[in-house]
Amino acid sequence: MDTSPRPIYLDCHATTPVDQRVMAAMLPFFTQYFGNPASVGHQYGWEAEAAVQQAREQLAAAIAATPEEIIFTSGATEANNLAIKGVAEAYLDRGKHMITVVTEHNAVLDPCRYLRSLGFDITFLPVQSDGLINLADLENALRPDTILVSVMAANNEIGVLQPISEIGALCHQRGILFHTDAAQAIGKIPLDVNAMKIDMMSLTAHKIYGPKGIGALYVRRRNPRVQLAPQLHGGGHERGMRSGTLYTPQIVGFASAVQLGIDEMGAETARVSQFRDRLWQQLNQLDGIHLNGHPTQRLAGNLNISVDGVDGQALLLGLQPHVAVSSGSACTSAKATPSHVLQAIGRSDDLAYASLRFGVGRFNTETEIDSVAEQAISTIQALRQVSLGV
Ligand SMILES: *Cc1c(COP(=O)(O)O)cnc(C)c1O
């Protein structure tokens, strides 16, 4: 194994390490309480089922839902697919129009594009230069045959927080279902499905110090009762909406991670946003640095910048030994394409490529932040000198 020091991890929008406390909660369910929660005939099954039920109650309470409204999935990608394709199939007699936003995660955009290929009519709303949707645009796009509006709570690239309550209110006035992808929001900002009039919400554990491979879809049961066509058929688990043996250790870890996120939200938001601001203040001493996304209506740990006068690839390469961050290009297959989110807020291709997404998290330290700022500044300065031919 490579024993050289590893880069500082500042990519918490991609994934996070599992918190030791979450790990400790999960461990007994691998080896000791390993039963199948669906085994109703013996103690092993009951133990596992009790743990799943407790996790379900914890997760429900975290978003002001009821336990029956939590459908466990493999993560937010599957939850988004279930919400969007499940509603499309179940509400065929009501209409074939859906509305989403150009800056959504591909796990929302791709199911929508797939439905469009099947003959559904999808409106992809633009965003303003700060990354927020214009509510009047949404209102104008709503039609009698609109069956679903899907708008994310927090953006995974620029951290922008969409006006979820206002969107929920607009949809509910017209009897249109509202889904939100809250993969980046759960455990980081308060979420209340009733106050925010959310009908479906996608969640995942691994962005909040929980394990990968587990998430959930919240599905409203009353006012209105959401109908969903299952996308995985089988043993009829999860009220028939998602078959497959429940993954007890991951479910316990998921609930534990969300609970920690909520219990420590105030202190963690303060610490992480202070680090983020400290990083921004240092980087912004250079000329030609642009903040991407709304300056304040954003996740505490998110900083996304574009840099004038440097090549994006060279910037990332220069930083790689020191810091693990993402750039504004998505390497889908071999070819890098500029981020669709940065393009949507009006950045040129050059500025979209020459961008960095920092995701500050629970385990970062002030020393790390200062070291990253120093490395980023010297890398940018060096690249600019090269491009000026100095
Ligand atoms: C990470 C992420 C997803 C995908 O979640 P998985 O659990 O990895 O499938 C979907 N939406 C957003 C906004 C995300 O950040």
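Where does the longest stretch of the chain lie that holds no chymotrypsin sites (Phe, Trp or Tyr not before Pro) found in a DSSP loop with 13 or fewer other Cβ atoms within 10 Å?
Numbers: sites that count: 34, 363.
The longest uninterrupted stretch comes out as 35-362.
I'd like to check one number: the per residue accessible area of the chain, probe 1.4 Å, reported in Å² as a whole number.
Per-residue value: 43 Å².
Let a ≥ b ≥ c be the square roots of the eigenvalues of the Cα gyration tensor of segment 286-390; is it rounded (a/c under 1.5), or, if not, prolate (a/b larger than b/c) or oblate? Intermediate results must be reported in sequence, preceding the final value.
Working: a/c = 1.42, a/b = 1.05, b/c = 1.35.
It comes out rounded by the Cα gyration axes.
Post the alpha-carbon centroid distance, segment 202-222 to segment 4-32, in whole angstrom.
Result: 16 Å between the Cα centres.
Which longest uninterrupted range of the chain lacks any trypsin sites (Lys or Arg not before Pro) assigned by DSSP to a loop state (not H, G, I, E or B) and surrounded by at most 14 other Cβ atoms within 10 Å?
Longest run free of exposed loop sites: 1-173.
Name the lysines eligible as straight-distance cross-link partners of residue 85: C-alpha to C-alpha under 20 Å, and not fewer than 8 places from it in the same chain.
Once the sequence-local lysines are set aside, what remains near residue 85 is 96.
Ignoring ligands, DNA and RNA, please state the percent of accessible area on segment 20-263 from carbon and sulfur, probe 1.4 Å.
Details: 5010 of 9490 Å².
Looking at segment 20-263 in its full context, I get 53 percent from C and S.
By how many degrees, 0 to 90 and rounded to 10, does the Cα axis of helix 248-263 deviate from the longest principal axis of the chain?
60 degrees
Rounding to the nearest 10 and keeping the result within 0 to 90°, find how far the Cα-based axis of helix 106-117 lies from the longest principal axis of the chain.
Tilt relative to the chain: about 60 degrees.
What is the local net charge at residue 147, summed over the other residues whose Cβ is closer than 15 Å to its Cβ (Lys, Arg +1; Asp, Glu -1)?
+3
When Lys and Arg each count +1 and Asp and Glu each count -1, what net charge do the other residues less than 15 Å away from residue 165, Cβ to Cβ, add up to?
Here the charged neighbours net out to -3.
Grab the DSSP H runs of the chain that are 4 residues or longer, score each as -39,500 (n - 2.57), total them, divide by all residues and round the 222 nm result to the nearest 500 deg cm²/dmol.
On the way: 13 runs with 151 residues, N = 390.
Helix-only estimate at 222 nm: -12000 deg cm²/dmol.
Restricting the count to DSSP beta bridges whose residues both fall in the chain, what percent are antiparallel, rounded to a multiple of 5? Don't jump to the answer; show the numbers that get you there.
On the way: 25 of 42 bridges.
Taking every DSSP beta bridge with both residues in the chain, the antiparallel ones total about 60 percent.
In degrees, nearest 10, range 0 to 90: what is the angle between the Cα axis of helix 43-62 and the longest Cα principal axis of the chain?
Roughly 60 degrees between the two axes.
Taking a ≥ b ≥ c as the square roots of the eigenvalues of the Cα gyration tensor of the chain, is the shape rounded (a/c under 1.5), prolate (a/b larger than b/c) or oblate?
Here the chain falls in the oblate category.
Using protein chains only and a probe of 1.4 angstrom, how many square angstrom of residue 145 are accessible, to the nearest 10?
Spelled out: residue 145, probe radius 1.4 Å, area about 50 Å².
The values are calculated or read from the model by the stated rules, or taken from the named source; none is laboratory data. Note that the structure is a prediction, hence the values are computed from the model and not measured. Positions of Cβ are backbone-derived with ideal geometry, glycine not excepted, and every protein chain shown enters the neighbour counts. The accessibility values were calculated without ligands, DNA or RNA, using every heavy atom of the protein model including side chains. Shrake-Rupley method; radii C 1.70, N 1.55, O 1.52, S 1.80 Å.
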